[in-house]
Amino acid sequence: MMNKITDTVKHLIIINVIMFIGTLAIGGGTLFYDWFALHFPKNEAFQPWQIITHMFMHGGFMHIFFNMFALWMFGTAVEERFGAKKFLFFYISSGLGAAICMIGYYYFRFVSGMDILNGAGFDQAQTIETLKSGYSVYDTRWNQFLTQEQLQNFVGVFNSTMVGASGAIMGVLVAFGMLYPESKLMLIFLPVPIKAKYFIPGIIALDLISAITGQSFFSPSNTAYVAHIGGALTGFLIMWYWKKTQFNKNRWD
């Protein structure tokens, strides 16, 4: 099934590598993160283009290595079935779905804290201005009304950044599982072949459990599990629609 790398996958990998090199080479990474990582929309560092550019940013060598390996491994087979244009549309759409879900989740956590502070008499505009005054700055009076966890969520979400192609790649994984359900896959540390129709839903289920419990299984603790789920869900919805209306045995052109 695995042929040589397809053009769109190759170009996506090249762009990701260039962005990663730029992150290392320019401003010690700070400038690239300020410009291209996805910031919380209420933060003044947020810019509209970050909705796209964050998909091509990564936080370290292992982060980009595993994402690009997965993109090559699964994306090549998927692009062969979709064709270049539909694969690119699918990839970007899955990444956008991941970002929207993550931002929605962050808004829920942020608004929960803001509602408590508003109820305690704090002005919303002034509260946001206080948050803008520094990465870890906050009004110490908030401690009287927010638990430590609520405070960390409130301040942390405002200052959060999101990078990585994982959400888009989760959509590609879903597409692969639906196109090649009988293909057998293995985890590096669990060399037992499992059919894609079981393996990929299992990975998504673990992400869901991690998002709910905060317990990491195979990924670093700062992994955006909600974004993974958003990318997988977006990919599934697109696949469901395309499979219903456009599927043929050769290509989806």
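What to note about this one:
- Any hit, segment 99-106, residues being of a type in the set (Val, Ile, Thr), within 18 Å of GLY235 (Cα to Cα) and more than 17 Å from the chain's Cα centre (by Cα): no
- Single match in ILE64, ILE92, ILE169, ILE116 (criterion: closer than 24 Å to PHE36 by Cβ and open to solvent by 20 Å² or more (accessible area, probe 1.4 Å)): ILE92
- Among the candidates PHE176, PHE145, the residue that is crowded, with 20+ Cβ neighbours inside 10 Å and modelled with pLDDT of 90 or more is uniquely PHE176.
The values are calculated or read from the model by the stated rules, or taken from the named source; none is laboratory data. Just so you know, these numbers come straight off a predicted model, no measurement behind them. Methodologically, a virtual Cβ is constructed for each residue, glycine included, from the backbone with ideal geometry; neighbour enumeration extends over all protein chains shown. These area figures cover heavy atoms from the full protein model, side chains too; ligands, DNA and RNA do not enter into them. Shrake-Rupley method; radii C 1.70, N 1.55, O 1.52, S 1.80 Å.
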